[in-house]
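Visitor: Dropping the structure in here first, questions after.
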Amino acid sequence: MKKLLSLFCAIAFLSGCSAFGSNGGLFGGSECESREARDFMANAEDRVFFAFDSSALSDNAVEILNTQVKWLKDHKKVNVIVQGYCDERGTREYNLALGERRANAVKQYLISQGIAADRISVISYGKERPAVLGNNEAAWAQNRRAVTVVKAAN
C-alpha cells in the first residue's frame, strides 16, 4: 500500500497536477486545472452567496456575476457549470431543490446578460458539500452559495 501511494504521488507530481480538487477533496477533479479555469479564477469571482432559504440574487451577487459575464464574453468557447449549495438545515431533498434554484438563478442572470444558455450547466449539491464545517450562522452563510466552475474540455 505504501508503494502504491508513493507511486501515485510521483505520478501526480510529474504530471504537474494536484491530487486535490479545488474544494480540497482528494481527486476533486479528474484532470489538471485548465488554463481557462486558472484564468477565470484570476479574473472573475467564482461564487455568490444567498440569504437563508432564498435563491434571490443580492446586489453584491449581481456585482460578482458581472465579473463572470465580462470574462465569459471574452472567452466565447468556454462552458461553465454552476453548482448550487445550501447550509445543513433542512432535509436533503429540500436542500437539493434549493441548491438547484440557486444555480438556476445564476444561470438565468448570465443568460439575461448575453451568455448563451447552452454554455451553462447547473447541478445542485444541496447540503452535501459544505465549504465550511460548523453549526453556526458564520458557517451556514458560507455554505449558502452558488459556485461557477469552468467546465473541463472533453
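Visitor: At what distance in nm do the modelled label points of E137 and S121 sit from each other, each positioned 7 Å from its Cα along Cα→Cβ?
Guide: It works out to 3.7 nm between the two label points.
Visitor: Report the chymotrypsin sites (Phe, Trp or Tyr not before Pro) located in the stretch 34-134 that are in a DSSP loop and have at most 16 other Cβ atoms inside 10 Å of their Cβ, or state none.
Guide: F52
Visitor: Under 9 Å from the Cβ of F49, count the other residues' Cβ atoms, weight Lys and Arg +1, Asp and Glu -1, and hand me the total.
Guide: Net charge around F49: +3.
Visitor: Are there any GluC sites (Glu not before Pro) in the stretch 50-101 that are in a DSSP loop and have at most 15 other Cβ atoms within 10 Å? List them by number.
Guide: When the GluC sites (Glu not before Pro) of the stretch 50-101 are filtered for loop state and at most 15 Cβ neighbours within 10 Å, E88 remain.
Visitor: Next up: Under 15 Å from the Cβ of K107, count the other residues' Cβ atoms, weight Lys and Arg +1, Asp and Glu -1, and hand me the total.
Guide: Net charge around K107: +3.
Visitor: The stretch 51-106 to the stretch 111-154: how many Å between their Cα centroids?
Guide: Centre-to-centre (Cα) distance: 5 Å.
Visitor: Given labels modelled 7 Å from the Cα in the Cβ direction, how far is it in nm from A152 to F52?
Guide: Between A152 and F52, the simple spin-label model gives 3.8 nm.
Visitor: Let me ask you something else. Per residue, how much space in cubic angstrom lies within the convex hull of the C-alpha atoms of the stretch 46-154?
Guide: On the way: hull volume 10.4 nm³, N = 109.
Each residue corresponds to 95 Å³ of Cα convex hull volume.
Visitor: Quick one: ranking V149, V82 by accessible area, 1.4 Å probe, largest first, what do you get?
Guide: V149, V82
The values are calculated or read from the model by the stated rules, or taken from the named source; none is laboratory data. Nothing here was measured: the structure is a model prediction, and the numbers come from that model. Heads up, the Cβs are rebuilt from the backbone with ideal geometry, glycines too, and the neighbour counts pull from every protein chain shown. Keep in mind that these areas ignore ligands, DNA and RNA; they rest on the heavy atoms of the full protein, side chains included. Shrake-Rupley method; radii C 1.70, N 1.55, O 1.52, S 1.80 Å.
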